[in-house]
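Inspection log for the structure reproduced underneath, given as structure tokens.
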Amino acid sequence: MKSGYTLAGLIACLVITFALPSAAQTVGPDGDSAGGDSKSKSAQEAKKATDLSLEELADVEVYSASKHLQRTSEAPSSVTVITRDEIQEYGYRTLAEILNSVRGFYITYDRNYYYLGVRGFGRLGDWNSRILVMIDGHRINNNVYDQALLGYEFPLDVDLIERVEVVPGPGSALYGSNAFFAVINVITRKPAQMKGIELSVEPGSYGTYGGRATYGGNFKGVEMLFSGGATNSAGQNLFFREFDTPANNNGVAVNADGFDDVHALAVFGYRGLTVEVLFGSRDKHIPTAAFGNEFNDPRFQAIDDQAYLNLTYQHVIAGKWQLFARTSWDDTSLTAPQAPPLPGGGVANDDFFVHGDWWTGELRLSRNLAEKHTLTFGTEDRDNVRQKQQFYIAPTNTTFLSAPSGWIDAIYAQDEFAITSKLTLNAGVRYDHYYDVKGSTNPRLGLIYHPWTRTSVKMLYGTAFRAPSPFELSPVAGGTFEANPNLVPETVRTMEGVVEQQLGRRFQLSGDVFQNRIKNLITSEFDSSAGLLVYRNAQMANATGVEAEFQAQWARDWRVVTSFTYTDADDGSPADLKLPNSPRHMAKLNLIAPLAWHRLFAGLDAQYTGIRYTLTNQPLGSFPIFNLTLLTHALGNRADFSASLYNALNRQYSDPGRPEDAEGSIQQDGRNFRVKMTVRF
Amino acid sequence: MLILLGLLTVAGHSARGQMDEYSIKAGYLYNFSKYVTWPKEAFRAADAPFLICIVGRDPFEGRLDQAIAGKNSGDGRPLQVRRVSNLDRTAFHDCQEVFLSKSERDHAAEIVELLKETPTFTVADFESFAEKGGIADLRIDGARVKVDLNISAANRADLKINARLQQVANLVP
């Protein structure tokens with residue numbers, strides 16, 4: 001296959017290019033010579049540790065492929081962690097770009113939202129409701145669509161991320177609904193780590209300009225962090241084949257696809273109490289004329305707002321019980337002015353508005369028992385105060401409205417049982433009770449075995465559920481849908497086996513096999529008797545696959561992670577039909593190479609996506625994408641400069657279109673760049 | 001742009017990178033001797049050395065000795081490392097800093113109780129040592145080594161912690 005050779009050849013060229021400057025390493029001031037005497041190396045390193053200031057010591061990363069193994073090897077799954085340094089080194093601009101590098105994950109973009117597919121499952125028309133996304137353990141999925149926002153519309157500035165923890169697999173035993181295929185927890189940087197002022201500017205392609213100011217400090221024992229940032233993008237001219245008629249400007253949307261976004265964060269910490277206020281808003285122009293809107297009309301936008309106030313309190317009671325208590329108020333809204341063409345000519349001024357508010361209370365107690373058991377008990381209660389959808393149709397002056405409210409209550413328990421020093425059992429179960437649909441109980445069992453210190457073997461069995469969203473129960477979409485209060489939750493049953501092996505000090509190899517059986521998939525169907533669409537539990541899906549990942553770290557700064565995923569997914573019917581937007585093959589490659597005396601870093605972030613089918617069963621060709629970033633730290637670590645080239649080889653590729661798109665496939669961006677400068681005082 | 005990046009790389013002097021976990025912890029033990037003040041009674045004589053004692057199985061593999069070789073504490077005393085057995089409790093009294101290795105987890109409570117009102121900076125790298133009455137613990141947080149500091153334990157031991165160390169550390173409870 002031509003593209004296969006090209007891919008291999010390009011990777012080889014890049015590896016050679018980055019390997020050449022390694023000669024400079026031996027002359028570096030840290031005295032690091034490849035293959036030098038390990039005892040003298042550790043002596044020099046220990047001496048160097050005493051030359052660092054306290055602040056630098058707190059900032060140095062621990063060199064440890066093995067510690068990573070220890071840290072993540074206790075989790076009953078194959079965890080991926082992306083650190084703040086990696087976000088800088090690979091030039092990730094959004095959470096979507098971060099997640100696109102995770103093995104088994106793939107992002108689909110329709111120029112409205114970014115959607116995450118996991119292990120061969122990326123249904124077109126869904127709203128990221130089969131992944132649970134959290135910020136510091138706080139759920140981000142809204143309460144009308146259960147949608148998680150992943151692009152610039154994600155309410156937290158990517159610069160404020162300390163690390164992203166990705167746990168694939170069923171997480172409902174701890175987190176409830178939507179922890180179906182993966183749980184993603186975004187950990188923010190803490191005020192203690194950000195003393196002083198940090199300023200950042202980032203100009204980029206398509207007339208994009210971003211800026212941020214962050215302040216971290218401590219006043220009378222109260223730690224504080226304030227951050228505000230904004231990005232504005234002018235957009236570009238885009239061509240859509242489906243609209244290539246003289247009446248539609250020959251298919252060209254002019255000055256389209258632009259957006260404005262704003263982020264703000266304030267954090268206060270005092271002893272065990274943390275108060276966090278977060279706000280994000282993105283106003284995006286949608287160029288695809290989705291949902292039957294008028295083509296090349298600047299009025300069709302989506303304005304997504306998300307904000308929350310979060311209070312957490314952590315305390316150790318009587319030296320034994322760890323208490324975690326949380327209460328929060330969330331507010332999300334979507335305002336989408338619509339501009340559908342009128343039959344007699346002209347364009348209507350319809351309005352679509354979604355507004356969700358919810359209050360959450362969570363209590364968790366953990367305790368270590370006899371050094372063998374770590375027990376956790378918890379409850380989580382959510383009051384969905386508002387789950388409003390409203391659609392106003394101007395020509396007939398009608399409004400469609402749905403605004404139910406009610407409680408979701410849950411209790412859960414987990415035990416991590418160290419059966420022997422080599423064998424751990426992780427067992428958990430959670431029961432969720434809903435005011436409007438059937439409740440759900442979900443267990444998860446994981447067995448973690450370390451036959452030798454450098455090997456870990458894990459077996460995982462679990463179920464997860466996804467409750468029907470208020471939108472699916474009662475869709476407000478301009479009078480085209482009817483309600484279905486009889487929907488039940490979707491379920492998935494997962495079995496997974498993982499092997500992780502440390503090879504020497506530098507290399508780690510891991511492999512896993514998985515099987516997902518999904519039932520009661522909520523799908524829109526046409527009800528001919530009513531002449532309307534309706535959501536029903538109408539489908540099934542199965543996905544079986546195997547993954548392999550290789551990690552290497554050497555000479556302290558070189559890092560390579562590469563993974564391959566093969567998934568066989570079908571619709572669970574006797575016909576064994578393939579699923580749309582489900583790539584059978586996927587590969588990821590991430591490489592960091594230190595250049596020029598360990599002060600300049602080159603980061604390569606590459607993904608290969610196999611053939612995918614659109615909704616009309618057209619194949620979209622496979623493609624590799626290469627993103628390249630050069631990063632330097634200067635002025636004693638007080639300034640960072642980076643230059644990134646995305647889709648460096650200007651590969652033309654498309655993502656499948658969704659049911660609301662007139663386009664069968666949507667072409668993605670070609671080569672584009674970003675330059676970023678950050679200074680700290 | 002590349003030329004600009006090149007010039008800036010030469011201008012900077014600190015290399016980002018990674019270090020062994022125990023090199024970083026050795027760095028912290030050295031810094032504690034600089035950012036904590038011991039009362040005069042903590043030393044036998046005006047020219048007595050500053051002792052960092054390791055109790056239990058030594059995880060540093062020589063890194064601590066190499067780190068402090070030829071260096072002095074905050075008040076100009078030469079730094080020395082000594083290995084002490086948990087069974088020889090009298091030896092603890094000469095130590096200004098006592099580092100408990102993970103092998104001593106089960107004895108931690110007793111040792112903390114023994115030393116709590118003496119001017120000894122107790123530090124360990126197993127979870128919750130600071131919450132259980134030790135003065136500091138060094139814990140891995142994500143990819144970094146962080147310090148949890150128990151100020152009231154330090155006050156009980158008549159040790160003064162410099163504001164800079166308090167800023168960098170995570171105060172417990």
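The values are calculated or read from the model by the stated rules, or taken from the named source; none is laboratory data. It should be emphasised that the depicted structure is a prediction, and the values quoted were computed from it without experimental measurement. Cβ: placed from backbone, ideal geometry, glycine included. Neighbour counts: every protein chain shown.
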**Report entry** Enumeration of residues in the stretch A:195-239 that are of a type outside the set (Lys, Arg), under 14 Å from B:Gln167 (Cα atoms) and surrounded by fewer than 18 Cβ atoms within 10 Å (Cβ to Cβ)
**Finding:** A:Gly196, A:Gly217, A:Asn218, A:Phe219, A:Gly221, A:Val222, A:Met224
Report summary line: the stretch A:145-249: strands (runs of 3 or more DSSP E) wholly inside it with 2 or more residues that are polar (S, T, N, Q) are A:182-188, A:208-219, A:222-233, A:236-239
Query raised in the report: Filter the stretch A:311-328 for residues that are in contact with a Phe, Trp or Tyr (Cβ under 6 Å, 6 or more places away or on another chain) and buried (at least 16 other Cβ atoms within 10 Å of the Cβ); which is farthest from A:Ser366 (Cα to Cα)?
Result: A:Ser328
Query raised in the report: What is the one condition in (1) within 15 Å of A:Gln88 (Cβ to Cβ); (2) within 14 Å of chain B (Cβ to nearest Cβ); (3) touching a Phe, Trp or Tyr at 6+ places or on another chain (Cβ under 9 Å); (4) of a type in the set (A, V, I, L, M) that A:Leu604 does not satisfy?
Result: (2)
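Can you find, within the stretch A:381-431, the residue that is surrounded by the most Cβ atoms within 10 Å (Cβ to Cβ) among those that are assigned to a loop (DSSP other than H, G, I, E, B) and β-branched (Val, Ile, Thr)?
So, considering only residues that are assigned to a loop (DSSP other than H, G, I, E, B) and β-branched (Val, Ile, Thr), the one surrounded by the most Cβ atoms within 10 Å (Cβ to Cβ) is A:Ile419.
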Query - Entirely in the stretch B:58-173, the strands (runs of 3 or more DSSP E) that have 3 or more residues that are within 14 Å of chain A (Cβ to nearest Cβ) - result: B:136-141, B:144-150, B:170-172
Report task. Provide a single number: the residues in the stretch A:570-601 that are within 14 Å of another protein chain (Cβ to nearest Cβ) and in contact (Cβ under 8 Å) with a residue 60 or more places away in the chain. Result -> 8
Report summary line: Considering the stretch A:638-648, residues that are in a loop (DSSP other than H, G, I, E, B) and within 25 Å of the chain's Cα centre (by Cα), and then whichever is farthest from the other protein chains (Cβ to nearest Cβ), we arrive at A:Asn647
Query raised in the report: Does the stretch A:93-110 hold any residues that are under 17 Å from A:Pro656 (Cα atoms), surrounded by fewer than 23 Cβ atoms within 10 Å (Cβ to Cβ) and in contact with a Ser or Thr (Cβ under 9 Å, 6 or more places away or on another chain), and which are they?
Result: A:Asp110
Report task. Hey, could you check the stretch A:282-324 for residues that are within 18 Å of A:Asp351 (Cβ to Cβ), of a type in the set (Gly, Ala, Ser) and not in a loop (DSSP other than H, G, I, E, B) and say which is nearest to the other protein chains (Cβ to nearest Cβ)? Result -> A:Ala302
Query - Count - residues of the stretch A:578-637 that are part of a loop (DSSP other than H, G, I, E, B) and closer than 18 Å to A:Met677 by Cβ - result: 4
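Rundown of residues vs (1) under 22 Å from the mean Cα position of the chain (by Cα); (2) at pLDDT below 90; (3) surrounded by fewer than 19 Cβ atoms within 10 Å (Cβ to Cβ), yes/no style:
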| position | (1), (2), (3) |
| --- | --- |
| A:Ala483 | no, no, yes |
| A:Val488 | no, no, yes |
| A:Thr491 | yes, no, no |
| A:Met495 | no, no, yes |
| A:Gln508 | no, yes, no |
| A:Asp512 | yes, no, no |
| A:Arg517 | no, no, yes |
| A:Ile522 | no, no, no |
| A:Glu525 | no, yes, yes |
Requested in this report: Report whether or not A:Gly657 is out of contact with any Lys or Arg (no Cβ under 6 Å at 6 or more places or on another chain), closer than 25 Å to A:Gln236 by Cα and either among the polar types (S, T, N, Q) or touching a residue at least 40 places away in the same chain (Cβ under 8 Å) (or both).
Outcome: yes
Query raised in the report: Does the stretch A:343-380 hold any residues that are buried (at least 17 other Cβ atoms within 10 Å of the Cβ), of a type in the set (Val, Ile, Thr) and either more than 32 Å from the chain's Cα centre (by Cα) or closer than 21 Å to A:Leu174 by Cβ (or both), and which are they?
Result: A:Thr360, A:Thr374, A:Thr376
Report task. Test A:Tyr90 against the criterion of being modelled with pLDDT of 95 or more, buried (at least 20 other Cβ atoms within 10 Å of the Cβ), touching a Lys or Arg at 6+ places or on another chain (Cβ under 9 Å) and more than 11 Å from every other protein chain (Cβ to nearest Cβ), and give yes or no. Result -> no
